[in-house]
1. Just to be sure I understand, how many residues within the range A:19-76 are in contact with a helix residue (DSSP H, G or I) (Cβ under 6 Å, 6 or more places away or on another chain), in a strand (DSSP E or B) and either away from chain B (no Cβ under 13 Å) or at pLDDT below 95 (or both)?
2. Could you please let me know if B:GLU7 is under 16 Å from the mean Cα position of the chain (by Cα) and surrounded by fewer than 19 Cβ atoms within 10 Å (Cβ to Cβ)?
3. Please list, ordered by residue number, the strands (runs of 3 or more DSSP E) wholly in the range A:175-293 having 2 or more residues that are farther than 21 Å from A:CYS138 by Cα.
4. Residue by residue through the range B:314-336, note down the ones that are of a type in the set (D, E, K, R), within 24 Å of B:TYR3 (Cα to Cα) and facing another protein chain (nearest Cβ under 7 Å).
5. Considering only residues that are in a loop (DSSP other than H, G, I, E, B) and out of contact with any Lys or Arg (no Cβ under 9 Å at 6 or more places or on another chain), which ones fall in the range A:117-133?
6. For the range A:95-134: of the residues being touching a His at 6+ places or on another chain (Cβ under 8 Å) and within 9 Å of chain B (Cβ to nearest Cβ), which is surrounded by the fewest Cβ atoms within 10 Å (Cβ to Cβ)?
7. Of the numbered conditions (1) surrounded by fewer than 24 Cβ atoms within 10 Å (Cβ to Cβ); (2) touching a Pro at 6+ places or on another chain (Cβ under 9 Å), A:ASP188 satisfies every one except a single condition; which is it?
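The values are calculated or read from the model by the stated rules, or taken from the named source; none is laboratory data. Fair warning: this is a prediction, and the values are worked out from it, not measured in the lab. Positions of Cβ are backbone-derived with ideal geometry, glycine not excepted, and every protein chain shown enters the neighbour counts.
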There are 2 protein chains.
Amino acid sequence: MKYLSAENMVKLVNRIGIETLMTELAEYIKEDYQNWDNFDKSPRYAHHSDVGVIELMPTGNRELFSFKYVNGHPGNFNKGLQTVVAFGVLSDVETGYPLLLSEMTIGTALRTAAISALTAKYLANNNVKTMGMIGAGCQAEFQAYAFRALTGIDTLRVYDIDYKVSEKFQRNMADSGFDITVCKTGQDAVQGADIITTCTADKQYATVLTDNMVGQGMHINAIGGDCPGKTELHQDILKRGSVFVEFEPQSRIEGEIQHMPEDFAVTEMHHIFKGEKQGRQNEREITIFDSVGFALQDFSLLRYVYDKVREFDIYEDLDIIGELDDPRNLFGLLKN
Amino acid sequence: MKYLSAENMVKLVNRIGIETLMTELAEYIKEDYQNWDNFDKSPRYAHHSDVGVIELMPTGNRELFSFKYVNGHPGNFNKGLQTVVAFGVLSDVETGYPLLLSEMTIGTALRTAAISALTAKYLANNNVKTMGMIGAGCQAEFQAYAFRALTGIDTLRVYDIDYKVSEKFQRNMADSGFDITVCKTGQDAVQGADIITTCTADKQYATVLTDNMVGQGMHINAIGGDCPGKTELHQDILKRGSVFVEFEPQSRIEGEIQHMPEDFAVTEMHHIFKGEKQGRQNEREITIFDSVGFALQDFSLLRYVYDKVREFDIYEDLDIIGELDDPRNLFGLLKN
């Protein structure tokens, strides 16, 4: 089994270049979504405790299988630990053997940004320039680069409830070439934006975007509302715009639309990527990507990483599977 | 995250000694079964294809979470690959961080043998000496050592449909101190045995044990019938004896009892380990452990291994989680 450590993931991303990576990864995601019907779409498995959740997110088609392990522990922050860590495995369906174990904390940020920007490429108006960002935490830089690579965004208006987080963002993006303005309110950040990305972490600030902040023709990329009880958008926005999701049954439970009636109309993005349905209807329409994070994006990320680690020869080998001279002689391993 | 490779698993087993290991591991399993009500008991996740299955088997309590990845690909044998490979992860529920990644191909054989022998210790008659074994494949040696460690079995009568497999068993056990007889039929192998272990792999020989082969007072350890469409015992045996299982809902689908009516009485082993129910009623009773392999045994194995790798200092470290100076600055990893 090939193994990509966190350190090697960093090497790989820097070697490819983050914008090239976003463009290439988006192609893998699009390709997998275009094969939507061939994928297993089981719900994620969740082990809940008082302080957090540990999840397994499996999916696969006839060739490859993947799963991601990911936790969510808001209280980790106060212990100096990450609130979300993740790793994933890609396997060969033909033999059942694992092919790749990869870190996916960075990987998850990459795939989340890639599908956000890919979706915006299909749904936003042409010639977008400015993105308003509410929330400048762990996802923010990845989102910014993905949007520049895929949609041409080059101007960022950023607001975070914690000013230090905005400063962190500015520092990380100092040599990025973006035109960046740090704003004092969310209202200010989204003023005149072509695209709005909401990406906040805390459950207690549940309405970071209200209807009056959203102008005609905007595309909203709603990342942070991704589990039951955690949403970011006021319901009036959902009613005014057209809502697009990854996988409807999951989004009805975890997404912004968890507050909406069951018959509230949404469109799954695979229809758009396949050209089966139209995305944006006109320039004035508000389009909303209600993103929750679906296992298929992780599959695409692992498939991409598996190709790239071999191309760039950046990986280690783990002998997690013992090699037997005779497949029926497992005990023989202990005798050598 | 600590990592135990296949090579280091071999080192660990040999360092502890396989019979000591079986005795200690059985204690961990018993302890976890005694805390039965605190464990999540979700069904396994399965990704099926024409040639095999890939499964994820998760469970956990308030302190620890585990899952096992395991495949089943009968056709791998003809490619010189193992039909079953496995690995597992143990995590800290408090933080969601993974603690241990371990090979579990050997691990699965260890935990299967340990619960078999532990169960027999509770259900078989006293002073057992002779075990008849039908099937001498990958599980056989592990079963033999576990039964000696936990029940005192020292005489083995072994039959396998493939004589070469019996020879492999004999070769592996040459210096084991067991009194071993290789038999020409299953009937011959179980003649006069105190315990019968059935552990065959092939679906097409579905009735390896018929009612006339089973004498009064025997304990039957039925390992091989462990998925829909794969059983080893004739139904008359189940009707004549008392059947014990790991987790009833799973065993009704995967175990020997899949052919029996829904109201066919079985007893879950945790009741026996907790002393809530009586196992064997009298010396003449036939007791049957209809084993399918439950996630809780994997949890116990990983918990045991995690303790032992630290005690014996046999492991490697994997930096699958990047260390952040500021938990909110994931992108900072790419800048260093």
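1. Going through the range A:19-76 one residue at a time, the tally reaches 0.
2. Working: under 16 Å from the mean Cα position of the chain (by Cα): no; surrounded by fewer than 19 Cβ atoms within 10 Å (Cβ to Cβ): yes.
Considered against the rule, which asks whether it is under 16 Å from the mean Cα position of the chain (by Cα) and surrounded by fewer than 19 Cβ atoms within 10 Å (Cβ to Cβ), B:GLU7 comes out as no.
3. Because the criterion is at least 2 residues that are farther than 21 Å from A:CYS138 by Cα, the strands (runs of 3 or more DSSP E) in the range A:175-293 that meet it are A:242-245, A:266-268, A:287-290.
4. Correct list: B:ASP319 only.
5. Just the residues of the range A:117-133 that are in a loop (DSSP other than H, G, I, E, B), to begin with: A:124-129.
Residues satisfying the conditions are A:ASN126, A:ASN127, A:VAL128, A:LYS129.
6. To start, the set of residues in the range A:95-134 that are touching a His at 6+ places or on another chain (Cβ under 8 Å) comprises A:95-96, A:120, A:123-125, A:128.
Among the residues that remain, those that are also within 9 Å of chain B (Cβ to nearest Cβ) are: A:95-96.
Details: A:THR95: 20, A:GLY96: 28.
Looking at the filtered set, the residue picked out is A:THR95.
7. Failed condition: (2).
Residue by residue, here is whether (1) within 15 Å of the chain's Cα centre (by Cα); (2) assigned by TED's automatic domain parsing to the domain that holds A:GLU27 holds:
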{"site": "A:ASP50", "(1), (2)": "no, yes"}
{"site": "A:TYR69", "(1), (2)": "yes, yes"}
{"site": "A:LEU90", "(1), (2)": "no, yes"}
{"site": "A:TYR97", "(1), (2)": "no, yes"}
{"site": "A:ALA124", "(1), (2)": "no, no"}
{"site": "A:ASN127", "(1), (2)": "no, no"}
{"site": "A:MET131", "(1), (2)": "no, no"}
